[in-house]
Amino acid sequence: MALAVVGGGRRSGKSRYAMALASAHGPRLGFIATLQPDDEESRQKVEAARQERGSSFVTVEEPLDLTTALSAQAPHYDAVVIDDLTIWVSNQVMAGYSDVEIEQSAASLTATALLGPAEAIIVTSDVDFGFPMDAEPSRRFRRLAGLINRGMAESSSRLYWMVFGVPKRII
């Protein structure tokens, strides 16, 4: 079908806008969440996100295997939101996946999104605008996230950048 990507900084309204885009495709809505709530702050964030989605979206939590989750969910929905691609990359890095494995997973996810029966709307975060000055694991994560964000953006039929809660369509 089609692939839309919604990117931006933290708390810029990416998820809210992605859900609005999905809702325009029909009433059957899926949501694949990648955040693993492993501390109080992330548990609160997950709960707030569930409340915001309400019953409009059927939610599946999948921190690592997005391709399988999207393949399973897409036939049942008009649109599926995946939130958040950057967290997914982080989950894979933390699980010990190699760079090659992560890049192959991203390519597989992209192909599945493009060929699936439902609109796939992928939320992703900007990793930084500055120069990396920290430890190698952080630099590795930012490099992978940047490459994967770029690949998703290049494959998308629509690309949005959220600026202070306002969506700007890039393509």
Rounded to whole Å², per residue accessible area for segment 1-140 with a 1.4 Å probe reads 51 Å²
Could you give the angle, 0 to 90 degrees to the nearest 10, between helix 85-94's Cα long axis and the longest principal axis of the Cα atoms of the chain?
50 degrees
Mind checking the alpha-carbon convex hull of segment 1-53 and giving the volume per residue in Å³?
95 Å³
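Calculate how many DSSP beta bridges within the chain are antiparallel, expressed in % of all such bridges and rounded to the nearest 5. Present the calculation step by step, with values, prior to reporting the outcome.
Working: 4 of 30 bridges.
Around 15 percent antiparallel, to the nearest 5.
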Can you give the convex hull volume of the alpha carbon atoms of the chain per residue, in Å³?
112 Å³
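Could you work out the relative contact order of the chain, using alpha carbon pairs under 8 angstrom and six or more residues apart, expressed as a whole percent? If you can, show how the numbers build up before the last one.
Numbers: 299 pairs, mean separation 65.5, N = 171.
Dividing the mean separation by the residue count of the chain yields 38 percent.
Suppose every K and R has +1 on its Cβ and every D and E has -1 on its Cβ; what is the size of the dipole of the chain about the Cα centre, in Debye to the nearest 20? Spell out each step's value before the answer.
Values: 17 positive and 21 negative charges, 140 e Å.
Roughly 680 debye for the chain.
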Using the basic label-point model (7 angstrom from Cα toward the beta carbon), what is the Lys45 to Gln104 distance in nanometres?
2.9 nm
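Sort 79-89, 64-74, 50-60, 12-22 for me by packing, meaning the mean count of neighbouring Cβ atoms within 10 Å per residue, highest on top.
79-89, 12-22, 64-74, 50-60
Packing-wise, with mean Cβ within 10 Å as the measure, how do 135-142, 151-158 rank, highest first?
Working: 135-142: 12.8, 151-158: 16.8.
Peptide ranking by packing, descending: 151-158, 135-142.
If a/c stays under 1.5 just call it rounded; otherwise compare a/b with b/c (prolate if a/b is bigger, oblate if not). Do that for segment 45-135, with a ≥ b ≥ c from the square roots of the Cα gyration tensor eigenvalues. Please report the intermediate quantities before stating the final value.
Details: a/c = 2.04, a/b = 1.36, b/c = 1.50.
It comes out oblate by the Cα gyration axes.
Within the accessible area of segment 1-104, what % is carbon and sulfur when the probe is 1.4 Å and the other protein chains stay in place? All intermediate terms of the calculation are to be shown ahead of the outcome.
Values: 2670 of 5240 Å².
Exposed carbon and sulfur together represent 51 percent of the surface.
When the convex hull of the C-alpha atoms of segment 26-67 is computed, what volume per residue in Å³ does it have? Each step should come with its number before you reach the end.
On the way: hull volume 2.4 nm³, N = 42.
So the per-residue hull volume is 58 Å³.
The values are calculated or read from the model by the stated rules, or taken from the named source; none is laboratory data. Here the structure is a predicted model, which is why all the values come from computation and not from measurement. Cβ coordinates were reconstructed from backbone atoms using ideal geometry, including for glycine residues, and neighbour counts include every protein chain displayed. Note: areas computed on protein heavy atoms with side chains; ligands, DNA, RNA excluded. Shrake-Rupley method; radii C 1.70, N 1.55, O 1.52, S 1.80 Å.
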